[in-house]
Each structure stands twice: as structure tokens, then as C-alpha cells.
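Colleague: Below you will find the structure I want to go over with you.
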Amino acid sequence: MIKYKINNKKFIYLISPNKIDNQSFYHTLEKILKTNRIAFFQLRLKRTSKKTCILASKKIKKICKKYKVKFIVNDDPFLAKEVDADGCHLGQSDMKITDARKILGKKKIIGVTCHNSKKLVKKNIKNKANYIALGAFFKTKTKLTKYLANFKTLIWAKKVTKIPIVAIGGIKVDNYQKLLLNRADFLAISSYIWKNKKYKPLKALEKLK
């Protein structure tokens, strides 16, 4: 089992924007990771060619390694293996964790979204997921909010497992502390950083103290 040393200041699981359009993204990403506030960075590019994902992965992996941030690929264990990412994140419509483990091996991180389901949490604990993602806790524009999670499930999950719990969905400056107070280990954040109409990415990050 891969273990994490939980750092109270390094609780952010940063997810990429849906599109990476230009070189300025990588400069901004480096500035963000340099703050030592980010524990994970997940590449989540939907409807993007494999070639583009590979090129982006190589650049991002280099930056993540420099600042000791775990680089995670969304959905695709094959891509994660090809670019030698630190791991892969699986949704419920993706490959089974047991099959992904065969591709990636025992030393790579595999996290699984369990929505608000105790049954899925128990199943993925049994299947030795390295972290469990619960959510969406709040409505989000990043993706269609099909499942909403509640704090009771988060509190329960923290009692039944020592596996880190990642809270996802609509997390921003006016609600993130509620999740930390209810003992979420990491907060998955995307739109608040990349699509914030009030603050640029670095300033938005600074607000999450």
C-alpha cells in the first residue's frame, strides 16, 4: 500500500483545465507548483488526441517531478503507463481497478471515484485503491453533476479506512474549509483555479489558506 504523509498546507489535488491551448499554461503551472501547495496534479483532457495528451504529459511530468508533485492521468491506464506517470484516476465508467493494476503494477497510484456510495468505497478499499474520491460535494461547471455527496459519507469513510479521501466537485474559496473540517485529506480543484473570473490562478490559490 502506497502511503502519504498528509501535509496540512499541501491539501490541493489540482486538476487541469479541459483544454491546454498554449505555452503560457506550462509557465503558470510551474508558478503554481512552486508554491508547495499542490500534492497531486491530474491531467484531464477530454476529446483530445492521444498525441496531444502524450506531449502535454511529458511537459507536465517534468514540472511535477521538479516540485515533487504526484502526476496523475485521468481515465487512461495505458497512457499513464506510456508516459510513466505516478498513477491514474478511474471513474466508475472507466476500467476496473483490478485490470488497471495489471497494466500499471503495484507501485503506481490508482485512485477511484466512489461518488456518495458506501458500497463503492468498501469495494475499492478491498481492491486496494490508493485513494478514494467522493463527490460532487457542490455543483460544478467542470462536468455534469450527476451525483451529489454529503458530509455524512465523508465522515463515515474516514472512520472505516486510512486510505486518503479526496473530495471533489465545485470546491472554491467559500466552501473548501467545510471539507477540511470534516477531515477530507485532499481537495480536487479545477474551475476555481483555471476559470476564475475574479482572480488569476496564483491569486485564486493564495485564497485557499
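Colleague: Within 10 Å of each candidate Cβ there may be at most 14 other Cβ atoms; applying that plus a DSSP loop requirement, which trypsin sites (Lys or Arg not before Pro) in segment 6-38 survive?
Modeller: Qualifying residues, ordered by number: 9, 19.
Colleague: Still on this structure: In whole Hz, with x marking every Gly and Pro, tabulate ³J(HN,Hα) for segment 76-88 from phi via Karplus 6.51 cos²θ - 1.76 cosθ + 1.60, θ = phi - 60°.
Modeller: After applying 6.51 cos²θ - 1.76 cosθ + 1.60, I find 10, x, 5, 5, 4, 5, 4, 9, 6, 5, 6, x, 9 Hz.
Colleague: Multiply the residue separation of residue 181 and residue 126 by 0.36 nm, subtract the distance between their alpha-carbon atoms, and state the gained length in nm to one decimal.
Modeller: The span from residue 181 to residue 126 would gain 17.1 nm if fully extended.
Colleague: If you don't mind, there's one more thing I want to ask. Report Rg(Cα)/(2.2 N^0.38 Å) for the chain, keeping two decimals.
Modeller: 0.95
Colleague: At 7 Å along the Cα-to-beta-carbon direction for both residue 199 and residue 67, put a label point, then send me their distance in nm to one decimal.
Modeller: With each label point 7 Å from Cα toward Cβ, the separation is 1.5 nm.
Colleague: If Lys and Arg each add +1 and Asp and Glu each add -1, what is the summed charge of the other residues whose beta carbon sits under 11 Å from the beta carbon of residue 9?
Modeller: Computed value for this residue: +3.
Colleague: Let me ask you something else. Less than 12 Å from a label point 7 Å out along the Cα-to-Cβ axis of residue 31: which backbone N atoms in segment 169-209 qualify, by residue?
Modeller: So the set is 200-206.
Throughout, read-outs are computed from the coordinates displayed, never taken from laboratory work. Values in this document were obtained by computation on a predicted structure and should not be read as measured data. For neighbour counting, all protein chains shown are included, and Cβ atoms are generated from backbone atoms with ideal geometry for every residue, glycine included.
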